[in-house]
Amino acid sequence: MLILGIETSCDETACAIVENGTKVFSSIIASSSDIHAITGGIIPENAARRQIESIIPVIKETLDKAFPKSVNLKSQVSYLDAIAITCGPGLVGSLLVGIETAKTLSYLWKKPLIPVNHLIAHIYANWIQDRDLLSVDSKPSTDGGQLMFPALALIVSGGHTDIVLMKEHGNTEWIGGTRDDAAGEAFDKCARLLGLSYPGGPSISAEAVKCSSESLNLFPRPMINSDNFDWSFSGLKTSVSNYVKSNPASCKLKLPELASEVQEAIVEVLVTKSVRAIIKYKPKSFFLSGGVAANKRLRESLKLSLKKLEIAPSLYVPKTKYCTDNAAMTASAAYFVNNKTSWKEIAVNPQLDLRT
Ligand code: KG4
Ligand code: ZN
């Protein structure tokens, strides 16, 4: 089954064609991060305007790359079985560009439409065939993943931090999440306070690798000992802000040390709570996903912590290019969840979450 996925939830305009939820034929992403780097964060209106400019060229490029020998659009489209579209959560203006385009194409091309929750899509980045298998003891499943359940999935993105129990495809139970800022948001806001560019996660980790000293635990690890699977990151930015204000640029700690302190504070609470959830739920697999899953320190720290467990799940981490927003994961989720819906019933849902 060949699915064309469209993803426009935030500042990426993405389209991909994926076979049977795993094999990527083509995946094209146009990002508007250049304009958000100027403003130091996303202005939704700017993101939506860029979505409108990019959507048709991105879809066309995806089709051309997947079917280079096809003589025309009609023959390219004839190979497709369905269209997958992100319905939320995200920025309403950005989401609408993708949704209205997908509905129009579904109607014109007479293809079924599959709505996808963007957070679920992030988890399915782990099914994409050229994934990195970090686990020492597991082999990639050949059955579409049924053997990997029950699984725990940690979704760490710019807008969300959630941990869910996945019993089978399409069956997720939310067990915890952030009470305020998301992990990626914490990276972005702290980077800004440190004078680093947007997006903050890659900027902070690029500085942090230059640090050779041990962590001083300079910043707080909120809720690390709480009896639940929730996180809180808003205190971190306040703490970084206070530190920057009360310490002159000539202070003892330089940028690499400060970046590393921020990264350690975020990674430590994510890993500690994830390990505690693994001990409680005993999953067969653990899926890391979302933009922050691209963070090398987080990947390494999780891998090391799981190695220390007596019974550890297989750890799956998508390739870096599938951690941040892309449409291959959207098409993959659509294949496995397969909730075909008439275009008339598809609606934007910016507040969609995993709690219900
Ligand atoms: O999943 P994503 O592309 O978009 C949302 O759905 O939000 O995540 C974007 C977030 C940004 O906050 C960005 O700073 C963070 O992912 N990010 C990283 C890294 N690469 C991207 N955070 C930490 N380390 C990275 N290497
Ligand atoms: Zn995302």
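The values are calculated or read from the model by the stated rules, or taken from the named source; none is laboratory data. Everything numeric in this text was worked out from a predicted model, so none of it was measured. Counting neighbours? That spans all protein chains shown, and the Cβs are built from the backbone with ideal geometry, glycine included.
When Gly201, Gly176 are screened for being touching a Phe, Trp or Tyr at 6+ places or on another chain (Cβ under 9 Å) and more than 14 Å from ligand 1 (Cβ to nearest atom), only Gly176 passes.
Taking the criterion of being under 23 Å from Phe187 (Cα atoms) and out of contact with any Pro (no Cβ under 9 Å at 6 or more places or on another chain), the residues of segment 291-315 that qualify are Val292, Lys296, Arg297, Leu298, Arg299, Glu300, Ser301, Leu302, Lys303, Leu304, Ser305.
Put simply, of Leu298, Leu270, Leu354, Leu288 the only residue that is in a strand (DSSP E or B) and either touching a Leu at 6+ places or on another chain (Cβ under 9 Å) or not polar (S, T, N, Q) (or both) is Leu288.
Return the residues of segment 156-173 that are more than 8 Å from ligand 1 (Cβ to nearest atom) and in contact with a helix residue (DSSP H, G or I) (Cβ under 9 Å, 6 or more places away or on another chain); say none if nothing qualifies. Those that are more than 8 Å from ligand 1 (Cβ to nearest atom) and in contact with a helix residue (DSSP H, G or I) (Cβ under 9 Å, 6 or more places away or on another chain): Thr161, Asp162, Ile163, Val164, Leu165, Met166, Glu168, His169, Gly170, Thr172.
Applying the set (1) within 16 Å of ligand 2 (Cβ to nearest atom); (2) surrounded by fewer than 19 Cβ atoms within 10 Å (Cβ to Cβ); (3) touching a residue at least 40 places away in the same chain (Cβ under 8 Å) to Asn295 leaves exactly one unmet item: (2).
Of the residues Ala331, Ala265, Ala327, the single one that is buried (at least 17 other Cβ atoms within 10 Å of the Cβ) and more than 16 Å from ligand 2 (Cβ to nearest atom) is Ala265. When Lys245 is tested against (1) over 13 Å from Phe187 (Cα atoms); (2) surrounded by 13 or more Cβ atoms within 10 Å (Cβ to Cβ), just one condition goes unmet, and that condition is (2).
So that you can scan it fast, the table gives a plain yes or no per residue for (1) crowded, with 22+ Cβ neighbours inside 10 Å; (2) over 27 Å from Thr39 (Cβ atoms); (3) among the small types (Gly, Ala, Ser); (4) more than 15 Å from ligand 2 (Cβ to nearest atom):
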position	(1), (2), (3), (4)
Gly170	no, yes, yes, yes
Glu173	no, yes, no, yes
Asp180	no, no, no, yes
Gly184	yes, no, yes, no
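Looking across Ala37, Ala14, Ala30, one residue alone is over 15 Å from Thr330 (Cα atoms), modelled with pLDDT of 95 or more, within 15 Å of ligand 1 (Cβ to nearest atom) and among the hydrophobic types (A, V, I, L, M, F, W, C). It is Ala30. Consider segment 174-225 and keep the residues that are outside any loop (DSSP other than H, G, I, E, B) and polar (S, T, N, Q). The one that is nearest to Ser157 (Cα to Cα) is Thr178. Condition check for Ile55 on (1) within 16 Å of ligand 1 (Cβ to nearest atom); (2) in contact (Cβ under 8 Å) with a residue 12 or more places away in the chain: one failure, at (1).
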